[in-house]
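Let me begin by presenting the structure, written as structure tokens, before commenting on it.
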Amino acid sequence: MSEVARAAEGVRLRLEAEEAALVRALVEQLLALLEEPGGSAGGDPLAAALGISENAVKPDDPVLARLFPDGYADDDEAAREFRRYTEAGLRDGKREAAGVVLATLRPGERVLLDAEQAQAWLRALNDVRLALGTRLEITEEWYDKVAEMDPDDPRFPHYAAYDWLTMLQEQLVRALW
């Protein structure tokens, strides 16, 4: 079972090999998803250097749409402009947080995360949970749905993983605050 505890220097974290393998697999899948272009800067190298996309549009993939929601629900033009200026930076931040998780993941070993690393873990776990929750179509009634589900149902392990990630994220939050 995982261990998450406050320490004087930050947060002490230890994940069993199976838990670490799950986190690694899910974070690597998230990174692969984040590599998909969210609109390019086209031929303008200055815009590209500044992270400004010329063709930023709401993603068709529901997971990406959840990870990068519209900034304005009732104004398509404002939403497109907001996305144009923010998505590249958001995408980079999500990749950076995922990279911190992968860099600090040590199966079976205690790892001391400083406050910045622990925050990166929280952001990455949140992104993984959003992605998994979107794929699983998680609603407020999901616990009831899983309680009635046959444990042999092929979806059951995915719900169990989501539940475990929720618990891990909560433990990190409690250790930080």
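The values are calculated or read from the model by the stated rules, or taken from the named source; none is laboratory data. In this text the structure is predicted, and so the values were computed from the model without any measurement. No Cβ is skipped: glycine too gets one built from the backbone with ideal geometry, and neighbour counts run over all protein chains shown.
State the number of residues belonging to the stretch 122-177 that are part of a helix (DSSP H, G or I) and more than 20 Å from the chain's Cα centre (by Cα). Spell out the reasoning first.
Residues of the stretch 122-177 part of a helix (DSSP H, G or I): 122-136, 142-147, 156-176.
Filter once more, so that each one left must be more than 20 Å from the chain's Cα centre (by Cα): 143-147, 156.
Result for the stretch 122-177: 6.
So, of the residues in the stretch 8-28 that are assigned to a helix (DSSP H, G or I) and in contact with a helix residue (DSSP H, G or I) (Cβ under 8 Å, 6 or more places away or on another chain), which turns out to be surrounded by the fewest Cβ atoms within 10 Å (Cβ to Cβ)? Reasoning before the result, please.
Start the filter on the stretch 8-28 by keeping residues that are assigned to a helix (DSSP H, G or I), which leaves 17-28.
Right, trim to in contact with a helix residue (DSSP H, G or I) (Cβ under 8 Å, 6 or more places away or on another chain) and you get 19, 22-24, 26-28.
Working: Glu19: 19, Leu22: 19, Val23: 24, Arg24: 15, Leu26: 22, Val27: 22, Glu28: 13.
Among those that are assigned to a helix (DSSP H, G or I) and in contact with a helix residue (DSSP H, G or I) (Cβ under 8 Å, 6 or more places away or on another chain), it is Glu28.
Within the set of pairs 6 or more residues apart or between chains, which connect a residue that is loosely packed, with under 14 Cβ neighbours inside 10 Å inside the stretch 64-91 to a residue that is outside any helix (DSSP H, G or I) with Cβ atoms less than 8 Å apart?
Ala65/Lys58; Ala65/Pro59; Ala78/Gly71; Ala78/Tyr72; Gly89/Gly51
Evaluate the stretch 132-140: report whether one residue or more is among the basic types (Lys, Arg), surrounded by 18 or more Cβ atoms within 10 Å (Cβ to Cβ), touching a residue at least 40 places away in the same chain (Cβ under 8 Å) and in contact with a helix residue (DSSP H, G or I) (Cβ under 9 Å, 6 or more places away or on another chain). It would help to see each step written out before you state the result.
We begin by selecting, within the stretch 132-140, every residue among the basic types (Lys, Arg); these are 135.
Keeping just the survivors that are surrounded by 18 or more Cβ atoms within 10 Å (Cβ to Cβ) gives none.
Scanning the stretch 132-140 turns up no residue that is among the basic types (Lys, Arg), surrounded by 18 or more Cβ atoms within 10 Å (Cβ to Cβ), touching a residue at least 40 places away in the same chain (Cβ under 8 Å) and in contact with a helix residue (DSSP H, G or I) (Cβ under 9 Å, 6 or more places away or on another chain).
If Asp74 meets every condition in (1) under 22 Å from Asn126 (Cβ atoms); (2) modelled with pLDDT of 85 or more apart from one, which number is that one?
Against the list (1) under 22 Å from Asn126 (Cβ atoms); (2) modelled with pLDDT of 85 or more, Asp74 comes up short only on (1).
Just to be sure before I move on: is Ala49 at pLDDT below 80, out of contact with any Leu (no Cβ under 8 Å at 6 or more places or on another chain) and surrounded by 15 or more Cβ atoms within 10 Å (Cβ to Cβ) in the structure I sent? Explain how you work it out, then say what you get.
Details: at pLDDT below 80: yes; out of contact with any Leu (no Cβ under 8 Å at 6 or more places or on another chain): yes; surrounded by 15 or more Cβ atoms within 10 Å (Cβ to Cβ): no.
No; evaluated as a whole, the condition is false for this residue.
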